[in-house]
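The values are calculated or read from the model by the stated rules, or taken from the named source; none is laboratory data. The structure presented is a predicted model; accordingly, all values stated were derived computationally and were not measured. Reconstructed Cβ throughout: ideal geometry from the backbone, glycine too, with neighbour counts over all protein chains shown.
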Amino acid sequence: MKVLPLTCALGAEIQGVNLAEAGRNADMAEEVKSLLIQHKVLFARAQDMTDAEHASFARIFGSLEDHPLVQSADSEPGIIQIWKTPDSPPERYENSWHHDATWRECPPMGAVLRCLECPTVGGDTMWANMELAYDRLPDHVKETIASLRSRHSMESVFMAAKPIEERLAMKARFPDPEHPVVRTHPVTGKKSLMTGTFMTHLTNFHNASNVRYGQDWQPGMQNLLSYLTSQATIPEYQMRWRWQAGDLAVWDNRCTQHYAVMDYAPCHRRMNRATIQGDRPF
């Protein structure tokens, strides 16, 4: 196994190995898990896997979960199909910076994405290191956000275009959870920014230390929210991957955000993803 770091911020490519073997080889599985903690995002090209092997590899990190709005593969529970075609509807929400599924009480630990078909040019995915984003914040901002919490919701993103009855039914199924703005990684103990497109507002910003008058609350909170959200867009914290059919990526959702660049229409882009269950953020 050869490991090539991709940027100074995050990411590494693994060469010379079939990662399907990690689903059957405990020693290889432990090595891959250690590399993921170190690099946060791992890639491998020319991975000839079945859906069953894809799921088996993903399970070295934990149990899998489905998505309530994305079709699952018939052949394998836990594999969802993120397939875009020239006939796909225009509501393509993947092109925004986000941690996966922070609208869950326990967002995913991570995911394993496998490329089945992609455009010749375009359709890249970007990742951002949110530990680095937190580390480089000014000290006074770190002090301000140390105890802040935020609400996350599917309603204003995936469900916004749905009929109201369907939207409210989904919200009842997945009530908007509250998460810390600064998350602690359960393995490394490092802190990171937990923001992204599903974050709607800060739940405990309106207090005497932050608000002088009632009118301060809305602009003060929104300005801070915009500033924190913008940290994922800083190039020095990012890496970008150009897909080829057969590529596989695995990322740590607890300390990274990602952005699927939607610059490839009208083309086909077919990705299968295994999403790994996670813990409640703290």
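Filtering the stretch 30-50 to residues that are touching a helix residue (DSSP H, G or I) at 6+ places or on another chain (Cβ under 6 Å) and either modelled with pLDDT under 95 or closer than 19 Å to M126 by Cα (or both) leaves L42, A44, M49. Residues in the stretch 59-78 that are among the small types (G, A, S) and closer than 19 Å to R24 by Cβ: G62, S63, S75, G78. Would you check if there is a residue in the stretch 60-77 being closer than 26 Å to M130 by Cα, outside any loop (DSSP other than H, G, I, E, B) and modelled with pLDDT of 95 or more? Yes, the stretch 60-77 contains at least one residue that is closer than 26 Å to M130 by Cα, outside any loop (DSSP other than H, G, I, E, B) and modelled with pLDDT of 95 or more. When the criteria are applied in full, H206 meets the requirement of being in a loop (DSSP other than H, G, I, E, B) and without any contact (Cβ under 8 Å) to a residue 40 or more places away in the chain.
Count, please, the residues in the stretch 246-278 that happen to be part of a loop (DSSP other than H, G, I, E, B) and of a type in the set (A, V, I, L, M). Residues in the stretch 246-278 being part of a loop (DSSP other than H, G, I, E, B) and of a type in the set (A, V, I, L, M): 3 in total. Out of curiosity, is V157 aliphatic (A, V, I, L, M) and either farther than 29 Å from L42 by Cα or in a strand (DSSP E or B) (or both)? Criteria not met by V157. With respect to the conditions (1) more than 20 Å from D247 (Cα to Cα); (2) in a loop (DSSP other than H, G, I, E, B); (3) modelled with pLDDT of 90 or more; (4) of a type in the set (D, E), D27 lacks only one, and its number is (2).
When the stretch 252-282 is filtered for residues that are closer than 15 Å to A133 by Cβ and among the hydrophobic types (A, V, I, L, M, F, W, C), only C255 remains. Residues in the stretch 225-258 that are of a type in the set (F, W, Y) and either touching a Lys or Arg at 6+ places or on another chain (Cβ under 9 Å) or modelled with pLDDT under 95 (or both): Y237, W243, W251.
Considering every residue within the stretch 119-127, establish whether at least one is closer than 21 Å to I276 by Cα, surrounded by 16 or more Cβ atoms within 10 Å (Cβ to Cβ), in contact with a Phe, Trp or Tyr (Cβ under 9 Å, 6 or more places away or on another chain) and among the charged types (D, E, K, R). Within the stretch 119-127, none of the residues are closer than 21 Å to I276 by Cα, surrounded by 16 or more Cβ atoms within 10 Å (Cβ to Cβ), in contact with a Phe, Trp or Tyr (Cβ under 9 Å, 6 or more places away or on another chain) and among the charged types (D, E, K, R). Output the residues belonging to the stretch 83-112 that are at pLDDT below 95 and more than 24 Å from S226 (Cα to Cα). Hits for the stretch 83-112 are W83, K84, T85, P86, D87, S88, P89, P90.
A quick yes/no check of all residues on (1) basic (K, R); (2) modelled with pLDDT under 95; (3) under 19 Å from W127 (Cα atoms):
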| residue | (1), (2), (3) |
| --- | --- |
| E178 | no, no, no |
| P186 | no, no, no |
| G189 | no, no, no |
| M194 | no, no, yes |
| T203 | no, no, no |
| N207 | no, yes, no |
| Y213 | no, yes, no |
| Q218 | no, yes, no |
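Residue pairs whose Cβ atoms lie under 8 Å apart, separated by 6 or more positions or on different chains, with the first residue in the stretch 99-125 and within 10 Å of N253 (Cα to Cα) and the second in a strand (DSSP E or B) and of a type in the set (G, A, S), are D100/A111; A111/A274.
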